[in-house]
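Below you'll find the structure, written out as structure tokens, and then a few comments.
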Amino acid sequence: MKIENSVAIVTGGASGLGEATMRNFVAGGAKVAVFDLNEERGNKLVEELGEDVRFYKVDVVSEESVSTAIDDVVGHFGRVDICVNCAGIAFGIKTMGRDGPHSLSAFKKVLDINVTGTFNVFRLAAEKMTANEPNDESERGVIINTASVAAYEGQKGQVAYSASKGAIAAMTLPVARDLAFYGIRICTIAPGLFLTPLFEGLGKEVCDALAKDVPFPHRLGAPSEYGDMARKIVETPYLNGETIRLDGAIRLA
């Protein structure tokens, strides 16, 4: 599928991996709807990038919030071709710590936003994609979800986050099989250590220490590299049902 003239939804699109993906798509000639809770940042992006970008304050776990926003996207841009899910949260909590067992409410919140929220958005986006005219490859849409290397090698304190990202990776193949009939592809990207606002807040010394664990290149990933991978998935019709590690060959200890 061509990026140019396509219509994309990017959740978590106001910062980090989502923003990098949104910028990549806009640079390629796409129209992008940013779904995020950060109104200030979202509105600034619209001011900067112009009419090719629309911001929607969306709660990804709310069926009404997502459905209303997607309906507006279709009403404004005419259709939905691409859905990239980058919205997510993480807590650093051990299964058993000094204060007792892991908070059940915190565990549920991570799974609700990361798993249910991702599913909620792409299922409703897929519904709109089924109405698209197929292109020369019989494609009607592309879905890209975000897992993590923590889905495979979760570290201490990552039980909820790892469970949520493992679920996203596990959904990929069955969803690809479900949506094949409609000409809709789905892939998942599993990033390693990326220089997102979360990592930047740790300071240069900590980031440099983390970068030493990456076999090659010896650095943290750039959000733009995630955006490049997302675009490559969109533009490569034979990529389907796969979870792709984007991690410089790191395997978390």
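Among the candidates ASN120, ASN114, the residue that is among the polar types (S, T, N, Q), in contact (Cβ under 8 Å) with a residue 60 or more places away in the chain and at negative phi is uniquely ASN120.
Tally time: how many residues in the stretch 81-111 are under 16 Å from GLY18 (Cβ atoms) and either part of a loop (DSSP other than H, G, I, E, B) or out of contact with any helix residue (DSSP H, G or I) (no Cβ under 8 Å at 6 or more places or on another chain) (or both)?
Looking only at that region, the number is 5.
Check whether at least one residue in the stretch 171-193 is out of contact with any strand residue (DSSP E or B) (no Cβ under 7 Å at 6 or more places or on another chain), more than 25 Å from ASP136 (Cα to Cα) and not basic (Lys, Arg), and report yes or no. The answer is yes, given that some residue of the stretch 171-193 is out of contact with any strand residue (DSSP E or B) (no Cβ under 7 Å at 6 or more places or on another chain), more than 25 Å from ASP136 (Cα to Cα) and not basic (Lys, Arg). All conditions in (1) at pLDDT below 95; (2) touching a strand residue (DSSP E or B) at 6+ places or on another chain (Cβ under 8 Å) hold for LEU198, with the sole exception of (2). List every residue pair whose Cβ atoms lie under 7 Å apart, where the two residues are 6 or more positions apart in sequence or sit on different chains, the first residue falls within the stretch 75-103 and is more than 14 Å from ALA126 (Cα to Cα) and at pLDDT 95 or above, and the second residue, located anywhere, is charged (D, E, K, R) and surrounded by 12 or more Cβ atoms within 10 Å (Cβ to Cβ). Within 7 Å, the pairs are HIS76/ARG54; PHE77/LYS31; HIS102/LYS94. Quick one: SER62 ticks every box in (1) in contact with a strand residue (DSSP E or B) (Cβ under 9 Å, 6 or more places away or on another chain); (2) closer than 28 Å to THR243 by Cα; (3) hydroxyl-bearing (Ser, Thr, Tyr) bar one, so which box is it? Of the numbered conditions (1) in contact with a strand residue (DSSP E or B) (Cβ under 9 Å, 6 or more places away or on another chain); (2) closer than 28 Å to THR243 by Cα; (3) hydroxyl-bearing (Ser, Thr, Tyr), the odd one out for SER62 is (1).
The values are calculated or read from the model by the stated rules, or taken from the named source; none is laboratory data. Note that the coordinates shown come from a computational prediction; the quantities given were computed from them, not determined experimentally. For neighbour counting, all protein chains shown are included, and Cβ atoms are generated from backbone atoms with ideal geometry for every residue, glycine included.
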